[in-house]
1. Counting only residues 5 or more places away or on other chains, whose amide H sits under 5 Å from the amide H of residue 310 once H atoms are built in the peptide plane?
2. Assigning unit charges at the beta carbon (Lys, Arg +1; Asp, Glu -1) and nothing else, what dipole magnitude in debye, to the nearest 20, does the chain show about its Cα centre?
3. In the neighborhood of residue 146, defined by Cβ-to-Cβ distances under 14 Å, what is the net charge if each Lys or Arg adds +1 and each Asp or Glu adds -1?
4. At 7 Å along Cα-to-Cβ for each site, give me the label-to-label distance between residue 11 and residue 216 in nm.
5. Can you list the HN-Hα couplings for the stretch 318-328, worked out from phi with the Karplus curve (6.51, -1.76, 1.60; θ = phi - 60°), rounded to whole Hz and with x for Gly and Pro?
6. Can you give me the C-alpha center-to-center distance between the stretch 1-34 and the stretch 260-299, rounded to a whole angstrom?
7. Expressed in nm to one decimal, what extension gain is obtained for the pair residue 239 and residue 304 from 0.36 nm per residue of sequence separation less their Cα-Cα distance?
8. What are the extents of the Cα atoms of the stretch 31-167 along their three principal axes, in Å, largest first?
Amino acid sequence: MIIPEVPVNEKERLQALHDLDILDTEAEDAFDNIVEMASLACNKPVALITLLDDDRQWIKSKIGTELCDSERHEAYCAHAINSPGELTLVEDATKDERFKNNPLSLDNGRRIRFYSGIPILTVDNYPLGTLCLLDDKPGNLSEDQKHVLKKLGKQVEALLDLRIKNTELSRLREELYDHNQILKDFAGMVSHSLKMPLANMVVTADILKKRLSEAIDETDNDHLNYLKNSGIRLSDYITDILNYYDSSKESYAQSEDLDLNEHLEHVIDLLNITQDCIINLPDENVLVHTNPSALTQIYFNLLSNSFKYNDKNTVSIDLGFSENPTHYIFTVKDNGIGIPEDRQTEIFKLFTAHEMDDRYGKSGNGLGLSTVKKIVEFLGGKIWVQSEEGQGATFNFTIKK
């Protein structure tokens, strides 16, 4: 028996193995299927996926044996990993100097006479272990069987590479969640800290107008109005920021049956539109199963935009509904100023507003539609717009049933 040599890159090899976080994990079908195919294709009773740790050989997947691990210095695979990319074939271990008198070849309970293994390599060519075949009697492999064993070894490598990528993806997802949570907390802290001073500014402007109404001229009055309106507008902007960062999938997880037209009437009441505006509900009333708060926020924003970005004396808004086997489909069609074709994708991006001012001369802040898009996607749907400049716009959005 010859003790297997330790690879020259053993430190890096072990690090790559430990980075997989796979040692001592439960059996997995994806790996078990490969050893089963290897055993059947090569007509050998035992097939293993082995991984060589510092002092042991651990078996990730197996067929035809109850062996779970063994001493590394006894492992046939410890020799095989020293020939990366090459198939190790031992027809009769009792006649091979490397394995003669090896406890694994002498022990009648788990005797290994035939062995063939292909090293499992990382993308950096570190040999982690092998896909191997065992038999308790001498044997050989045909060229086709050798080819199959090598190809199946590549499948093991692909699974391990996918495991690394999934682990990294999970780590990045957690990191992104933590960063987003910090940003959300920061936005909330700053926004709440600003809202009170802004409210005081608006109230102070009103008080000054009343107390000094006879002492100030029209220009001073305009300045106070500008101060008040700026405070209101900035306060609304901060509210929109809070709404955007407070939107989370968990907040809209609970669904219930809603009478659509009744719900739409509730949203219309919230808008409190006092000018000429005709809003036509869907012709056929239906029950939809979704989150009521989410649907309210979506419709409130879309209806508000349809009214504000409208240059007609009478605003007309048509609400439509249809469905397919998997999704509800909603439409909001208006007779407003429309959206240029080159802006129809951009308007859903954060902080990208409509280029034109609304009917009150105010410009958007680019938060409303990005919040709507975020909510729609939380609900398993998508949103898009069809429009011609000057001819109104039709917003379509879907929600998963």
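All of the numbers you see were taken from the coordinates with simple rules; none came from a lab. If you're wondering where the values come from, they're calculated on a predicted model, not measured in any experiment. As a convention, Cβ positions derive from the backbone with ideal geometry for all residues, glycine included, and neighbour counts pool all protein chains shown.
1. It is 337, 359, by chain and number.
2. The calculated dipole for the chain is roughly 560 debye.
3. Its environment carries a net charge of 0.
4. 7.4
5. Per residue, the Karplus-derived 3J(HN,Hα) values read 10, 9, x, 8, 8, 7, 10, x, 10, 9, 7 Hz.
6. Distance between centres, Cα-based: 60 Å.
7. 21.9 nm
8. Projected onto the principal axes, the Cα atoms of the stretch 31-167 cover 42, 33, 26 Å.
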